[in-house]
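I have placed the structure first, in the form of structure tokens, so that the comments after it can refer back to it.
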Amino acid sequence: MRKYYSLKDIKNDIREGIIDCAQLVDHYLKNIKDKAYLNAFLEVYEDEARQQALLVDEKLRTGKAGKLAGMVIGIKDVLCYKDHSLQCSSRILNNFKSQFTATAVQRLIDEDVIIIGRINCDEFAMGSSNENSAFGPVKNEIDPERVPGGSSGGSAVAVQAGLCLAALGTDTGGSVRQPAAFCGIIGLKPTYSRISRYGLTAYASSFDTIGILTTDVYDNALLLELMAGKDEYDSSVSRNPVPEYSNKLEFKDKAKIAYIKETLEDPRIDKGIKEKIKNVLDFLKSEGHNVEAIEYPHLDFVLPTYYILTTAEASSNLSRYDGVRYGYRSPNTMDLQSMYKKSRSEGFGEEVQRRILLGTFILSASYYDAYYTKAQKVRRIIRDKTLEILEKYDFIALPTTPTTAFKIGEVKKPLDMYFEDLLTVQASVAGIPAVSIPVGRDKKNLPIGFQLMGGYFEEANLLAFSKYILENYN
Ligand code: GLN
């Protein structure tokens with residue numbers, strides 16, 4: 001069976017009688033086995049997916065199939081799926097099973113999506129390389145010695161390597177866009193609150209979004225439109241009406257694009273990446289779009305603001321894993337105190353512990369104002385300044401990442417790893433939507449991501465413009 005890059009092609013071939021869902025699922029199951037060395041899946045729902053495929057095939061025959069009939073997806077191991085294991089790639093959730101299904105996942109099931117498995121990621125979605133998983137790193141298919149990015153690295157590789165058609169990830173500070181860039185696929189982080197967080201394991205609640213990884217813009221738009229919208233289980237989700245994104249993908253206007261001068265001058269950003277992004281911008285200019293350089297002197301403050309606020313939120317969110325009610329409990333404990341301590345020390349990996357400690361420090365009485373309160377104020381400034389730009393321009397364009405995919409084990413210091421998020425956290429701190437699209441490769445043949453940010457709830461425009469670039473550039 002050939003490799004499929006879009007639901008449209010799959011649906012077409014189903015209609016023509018060339019394939020059916022049962023064969024499609026077998027095809028993906030075989031790919032998953034053949035490419036087990038990539039370590040993308042933590043669990044494969046082999047029997048279930050096969051059964052679901054038969055059901056969908058039956059529905060297709062009787063004309064009762066939902067919009068996602070023919071789509072096989074994988075879900076990041078931070079999303080609840082009733083009666084299925086959920087581990088957040090952490091030992092602390094050993095033997096834990098979800099008691100309910102995330103709203104976003106349920107909405108896709110209702111449209112006859114086939115879920116083929118649970119996908120590896122950085123522990124509790126903390127990381128930029130997928131090396132923080134308790135179940136081993138995920139490998140980039142383009143070069144298995146290299147990381148796929150993180151934290152949704154497994155999701156990106158599953159799509160990149162054709163182990164499923166699309167995947168759900170989560171993006172708190174870039175975890176969908178950065179792996180998409182490293183793997184040469186499309187990654188969308190919607191506006192904060194666009195998709196319900198019910199059933200998404202909390203990392204930093206005021207940043208967390210469910211994101212979508214695909215090879216096709218239409219598929220991305222369709223998944224967004226089906227998952228987005230109000231939900232009685234999440235009081236923070238937006239009640240804004242959900243546009244039919246998949247029907248709004250023609251971009252006919254001339255766009256006004258701002259690019260942040262600093263990001264194309266910064267010596268810390270790879271030369272090859274800067275050149276490529278300039279090249280895309282030149283192309284857009286030559287097509288009659290308005291492309292202007294702007295200054296954003298706040299760039300240097302975005303990363304510290306992000307890491308102060310997210311570690312603070314994480315320390316609070318992760319306090320629930322205490323070995324008492326569920327998950328891992330250390331067998332070597334004598335009393336209550338040592339049970340908490342040992343369960344958490346043995347259950348959480350190094351990076352998660354580092355962030356809990358940092359966050360606890362930040363929230364401690366004597367430092368709260370110096371760090372937490374201050375970072376909240378800076379967050380407001382970053383957001384306001386970003387929105388000011390977006391009042392004048394349709395999009396802000398910048399590279400997705402400062403480097404291309406690096407080697408496994410190459411980035412050792414935590415601060416160097418945090419630096420990988422330099423260009424993705426602005427959208428997260430501001431809560432605006434952003435997308436990464438593949439625009440080519442560097443000299444080492446590694447993919448480069450082009451990032452676009454848009455105003456609140458401007459996903460339709462973002463996706464339409466992404467499609468325009470993908471179809472016209474190169
Ligand atoms: N790399 C960032 C971090 O480690 C982003 C993670 C994410 O978006 N989940 O926090």
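The values are calculated or read from the model by the stated rules, or taken from the named source; none is laboratory data. Bear in mind that the values here come from a model prediction, so they are computed numbers and not experimental data. Neighbour counts run over all protein chains shown; Cβ positions are idealised from the backbone, glycine included.
General remarks:
- Of the set (1) within 19 Å of residue 216 (Cα to Cα); (2) buried (at least 24 other Cβ atoms within 10 Å of the Cβ); (3) of a type in the set (Ser, Thr, Tyr), all apply to residue 401 but (1).
- Residue in region 213-226 that is at pLDDT 95 or above, within 16 Å of the ligand (Cβ to nearest atom) and in contact with a strand residue (DSSP E or B) (Cβ under 9 Å, 6 or more places away or on another chain) present: yes
- Selection of region 406-432 for residues being of a type in the set (Gly, Ala, Ser) and either outside any loop (DSSP other than H, G, I, E, B) or touching an Asp or Glu at 6+ places or on another chain (Cβ under 7 Å) (or both) yields 427, 428, 430.
- Some residue of region 344-359 being within 30 Å of residue 464 (Cβ to Cβ) and in contact (Cβ under 8 Å) with a residue 60 or more places away in the chain: no
- Residue selected from region 433-474 under the condition outside any helix (DSSP H, G or I) and of a type in the set (Ser, Thr, Tyr), by the criterion surrounded by the most Cβ atoms within 10 Å (Cβ to Cβ): 436
- Given (1) over 15 Å from residue 424 (Cα atoms); (2) part of a loop (DSSP other than H, G, I, E, B), index of the condition residue 154 fails: (2)
- Residues being touching a helix residue (DSSP H, G or I) at 6+ places or on another chain (Cβ under 7 Å), within 23 Å of residue 294 (Cβ to Cβ) and not in a strand (DSSP E or B) - total across region 388-405: 4
- In region 175-190, the residues that are small (Gly, Ala, Ser) and within 10 Å of the ligand (Cβ to nearest atom) reach residues that are at pLDDT 95 or above and not in a helix (DSSP H, G or I) with C-beta atoms within less than 7 angstrom, at least six apart or across chains, in these pairs: 175/150; 175/151; 175/152; 175/169.
- Qualifying residues in region 152-174 (those that are among the small types (Gly, Ala, Ser) and more than 21 Å from residue 115 (Cα to Cα)) - the one farthest from the ligand (Cβ to nearest atom): 174
- Top-ranked residue in region 276-307 [being part of a loop (DSSP other than H, G, I, E, B) and more than 20 Å from residue 437 (Cα to Cα); ranked as farthest from the ligand (Cβ to nearest atom)]: 288
- Checklist (1) exposed (fewer than 14 other Cβ atoms within 10 Å of the Cβ); (2) more than 29 Å from residue 78 (Cα to Cα) applied to residue 320, failing item: (2)
- Number of the condition not met by residue 302 [criteria: (1) more than 22 Å from residue 150 (Cβ to Cβ); (2) crowded, with 18+ Cβ neighbours inside 10 Å]: (1)
- Screening residue 440 on (1) away from the ligand (no atom under 14 Å from the Cβ); (2) on the phi < 0 side of the Ramachandran plot; (3) out of contact with any Asp or Glu (no Cβ under 7 Å at 6 or more places or on another chain) shows it passes everything except condition (2).
- Test for residue 17: is it part of a loop (DSSP other than H, G, I, E, B) and among the small types (Gly, Ala, Ser): yes
- Taking region 227-248 as the range and being in contact (Cβ under 8 Å) with a residue 40 or more places away in the chain and in contact with a Leu (Cβ under 6 Å, 6 or more places away or on another chain) as the test, only 245 passes.
- The residue that is farthest from the ligand (Cβ to nearest atom), counting only those in region 120-151 that are farther than 13 Å from residue 38 by Cβ and not in a loop (DSSP other than H, G, I, E, B), is 123.
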